[in-house]
Amino acid sequence: MEQDSQNLIFLIGLYVLMFFIIYSVVAWLGKILIRKLGKKDKQTGVYITAEEYDKEISELEKRIKELEKIISKQADKDCDCAEVAGKRAEKKSVKAVKANQYDQSVGLDRPDRLAEHDRLPQSAQPSPQTYFLPPPSPEGIFHEAFSQPRIGRTVYQMTTIDGNNGTFIFYEDRDALATAIISISQIVKTVCRVENNKNAPRNIINVKEGQVVREGNSWRVAEKATVRFE
């Protein structure tokens, strides 16, 4: 608003200055005309008639009006330019305020909050979920998954992130080993490749994770795990 007031005062001053210049020019031309007419009267002894005087005055007034129109158009043009500039400045100011409000709302105006904001996508990633699996079916499918290990029922441990795909390993526990030994061909070899095969292993060591895919409420083995008997 202060900038618009300064532009308006400047335009008014410019208009007054131009009017003063036009008035001075007209007065100067009038004096020259009068002097010429006086000289002509002295030389010829002929006086100017009222009609001729009115005609000269009319021409001068006509020129004054034309100059006033030019000045008025220029002033209007300057006003329009000042108004457009004011609107642009106002829009920039509004955008700056909105941007500042957004930065404050999300904490981008503080360096510590900015670092936290940059880390947000990583922290928003889902954390892995761990489940415990019973002995598989002959087809290599785990029909159940427990959130906690169950004695005599838990043989494998599964980890999943998206709830549809996961990895599994042999659950390294004495109870799981005792359950697996009951039927190594059914419980272990159905879903695992075995290294250093023994008939009665004292321990089962994980070598490589297996892959499972969810099918309804069950998990089907897509790739066998690898274990070693000791």
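Of the listed peptides 158-170, 140-152, what is their order by residue-averaged count of other C-beta atoms within 10 Å, with the highest listed first? Please list the in-between numbers first.
Numbers: 158-170: 17.1, 140-152: 13.9.
Averaged packing, sorted descending, gives the order 158-170, 140-152.
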Checklist entry - Rounded to the nearest 10 Å², what accessible area does Y131 show when all protein chains are kept and the probe is 1.4 Å? => result 70
Checklist entry - Could you give the nm distance between label points at S147 and A222, where each point is 7 Å from its Cα heading toward the beta carbon? => result 2.5
Checklist outcome for this item: Order by accessible surface, 1.4 Å probe, largest leading, for residues L60, L17 comes to L17, L60
Next on the checklist: With every protein chain left in place and a probe of 1.4 Å, what is the accessible surface of F20, to the nearest 10 Å²?
Outcome noted: 130
Checklist entry - Using a simple spin-label model with points 7 Å from Cα along the Cα→Cβ vector, what separation in nm is obtained for K69 and N203? => result 10.9
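How charged is the neighbourhood of F142? Take every other residue with its Cβ under 11 Å from the Cβ of F142, and add Lys/Arg as +1 and Asp/Glu as -1. Don't skip to the answer; put the middle values down first.
Values: positive: R214, R220; negative: E139, E144, E215.
Summing Lys/Arg as +1 and Asp/Glu as -1 gives -1.
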Checklist entry - Probe 1.4 Å, all protein chains in place: accessible area of R228 in Å², nearest 10? => result 80
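The values are calculated or read from the model by the stated rules, or taken from the named source; none is laboratory data. Everything numeric in this text was worked out from a predicted model, so none of it was measured. Ideal geometry is used to build each Cβ from the backbone, glycine not excepted, and the neighbour counts take in all protein chains shown. Side chains included, ligands, DNA and RNA excluded: accessible areas come from the protein's heavy atoms. Shrake-Rupley method; radii C 1.70, N 1.55, O 1.52, S 1.80 Å.
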